[in-house]
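To start, the structure itself, in structure tokens.
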Amino acid sequence: MRMYALGSNSCGKLGIGTEEDSNQPVLVQGLPEGVIQLVASGGNHTVVLINGVLYGCGADDCGQLGGMGNCVVFRRVPFDIADQIVYVSCGWEDTLVSCKSGKVYISTNIGFECVGKVDSIKKTASCMKHHLILSHCSRLYHYGNGKVIGSNSEKSSVTEIAQHIVDIAAGRSFYVTIGKNGVLEISQHGRVPKEVMNVPSIGDVSHLQATWSAVFVESNNKIVSWGKNVLDQLFPNDESVEQFSVGSSHGLCIINNQCYAWGWNEHGNCGNNEKQTNGLHLISVSNPKAVFAGAAASFILAD
């Protein structure tokens with residue numbers, strides 16, 4: 001499996017050997033052979049989970065890469081803890097690592113710090129300065145910016161905030177959940193864009209994601225989206241998709257074994273020179289199998 005990257009390359013976060021932006025997919029450097037389980041990207045850094053081992057590139061000025069220093073190709077992140085990593089996600093300047101034991105770690109200037117424990121972690125979601133952790137027991141936990149959950153203080157440890165939750169997504173200053181009853185809810189705290197609160201009528205939801213200011217759900221293999229659309233970041237049509245991922249203000253999807261992008265294209269992350277894409281734009285990568293979108297950065301896995 002090969003990984004290609006394009007878009008914003010500040011501090012080398014694409015892992016392609018330079019710090020120059022690219023509007024065309026470029027093969028990343030430094031990753032070993034193995035199963036790529038997850039790709040997560042923050043403001044200026046990216047991490048990849050391969051066979052339970054963490055690799056990263058880009059900025060490490062806040063310790064988001066475990067103290068290994070800035071790098072423009074992927075290198076193994078020094079996570080010297082005898083615990084298997086099962087999930088990883090990125091805030092703007094930090095990295096959240098969840099382990100098989102249930103322990104949750106956050107990157108700091110002095111290495112990874114354990115900030116709590118969650119039994120049987122199912123998924124994490126991060127955006128800017130807040131993080132969500134969902135357990136297989138349908139309990140939802142939060143770490144970071146307390147304003148998102150109605151607190152004026154920074155949460156320095158993992159805090160339970162809800163139960164009976166089956167899926168989550170994190171926006172810039174809000175979060176979205178789907179309950180066991182199938183009801184989708186938007187957090188009422190923080191600075192929630194009014195457009196995000198206008199939830200449309202949707203059927204059964206199988207997948208949930210969010211950009212900084214919009215929500216995306218997969219229902220019957222189609223994407224339903226709502227929220228701010230000043231940058232054309234909402235999904236532009238009703239085509240069936242095989243997979244999708246959204247970043248800060250753009251998205252990627254696979255349709256009929258081809259990769260497409262839409263939304264804000266300031267750094268070439270949608271594969272062309274236009275600031276905004278009108279509709280879907282084809283990204284030329286053969287046999288795409290998975291897509292991951294970050295902050296104006298795009299990552300594509302292909303055979």
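The values are calculated or read from the model by the stated rules, or taken from the named source; none is laboratory data. These numbers come from a predicted model, not from an experiment. Glycine gets a Cβ as well: all are built from the backbone with ideal geometry, and neighbour counts include every protein chain shown.
A few remarks follow.
- Of all residues in the stretch 258-303, those satisfying the criterion of being closer than 15 Å to Asn9 by Cβ and touching a Lys or Arg at 6+ places or on another chain (Cβ under 7 Å) are Asn265, Glu266, Ala297.
- None of Ser138, Ser156, Ser126 is touching a residue at least 24 places away in the same chain (Cβ under 8 Å), among the polar types (S, T, N, Q), assigned to a strand (DSSP E or B) and farther than 26 Å from Ala296 by Cβ except Ser156.
- Residue check, Ser173 polar (S, T, N, Q) and in contact with a strand residue (DSSP E or B) (Cβ under 7 Å, 6 or more places away or on another chain): no
- Of the candidates Val217, Val241, the single residue that is more than 18 Å from the chain's Cα centre (by Cα) and of a type in the set (A, V, I, L, M) is Val241.
- Checking Gln84 against (1) within 20 Å of the chain's Cα centre (by Cα); (2) more than 18 Å from Met3 (Cβ to Cβ); (3) among the polar types (S, T, N, Q), the condition it does not meet: (1)
- When residues in the stretch 89-138 are screened for being surrounded by fewer than 17 Cβ atoms within 10 Å (Cβ to Cβ) and out of contact with any strand residue (DSSP E or B) (no Cβ under 8 Å at 6 or more places or on another chain), 5 of them pass.
- Test set (1) crowded, with 16+ Cβ neighbours inside 10 Å; (2) under 19 Å from the mean Cα position of the chain (by Cα) - Cys71 fails condition number: (2)
- In this structure, Val148 does not qualify as assigned to a strand (DSSP E or B), buried (at least 16 other Cβ atoms within 10 Å of the Cβ) and of a type in the set (A, V, I, L, M).
- Residue tally, condition more than 18 Å from the chain's Cα centre (by Cα) and surrounded by fewer than 20 Cβ atoms within 10 Å (Cβ to Cβ), over the stretch 162-184: 9
- Applying the criterion of being part of a loop (DSSP other than H, G, I, E, B) and in contact (Cβ under 8 Å) with a residue 24 or more places away in the chain to the residues of the stretch 94-112, the residue that is nearest to Ser41 (Cα to Cα) is Asp94.
- Enumerated strands (runs of 3 or more DSSP E) restricted to the stretch 1-60, each holding at least 1 residues that are without any contact (Cβ under 8 Å) to a residue 40 or more places away in the chain and surrounded by 19 or more Cβ atoms within 10 Å (Cβ to Cβ): 45-50, 53-58
- In the condition set (1) part of a loop (DSSP other than H, G, I, E, B); (2) touching a residue at least 12 places away in the same chain (Cβ under 8 Å); (3) closer than 24 Å to Asn44 by Cα, Trp262 is compliant with all but (1).
- Residue under evaluation Ser187, criteria (1) surrounded by 20 or more Cβ atoms within 10 Å (Cβ to Cβ); (2) touching a Gly at 6+ places or on another chain (Cβ under 7 Å); (3) modelled with pLDDT under 95, criterion not met: (2)
- Here Asn273 clears all of (1) over 23 Å from Cys57 (Cα atoms); (2) without any contact (Cβ under 8 Å) to a residue 60 or more places away in the chain except the condition numbered (2).
- For Ser248, the stated conditions hold: it is hydroxyl-bearing (Ser, Thr, Tyr), buried (at least 16 other Cβ atoms within 10 Å of the Cβ) and part of a loop (DSSP other than H, G, I, E, B).
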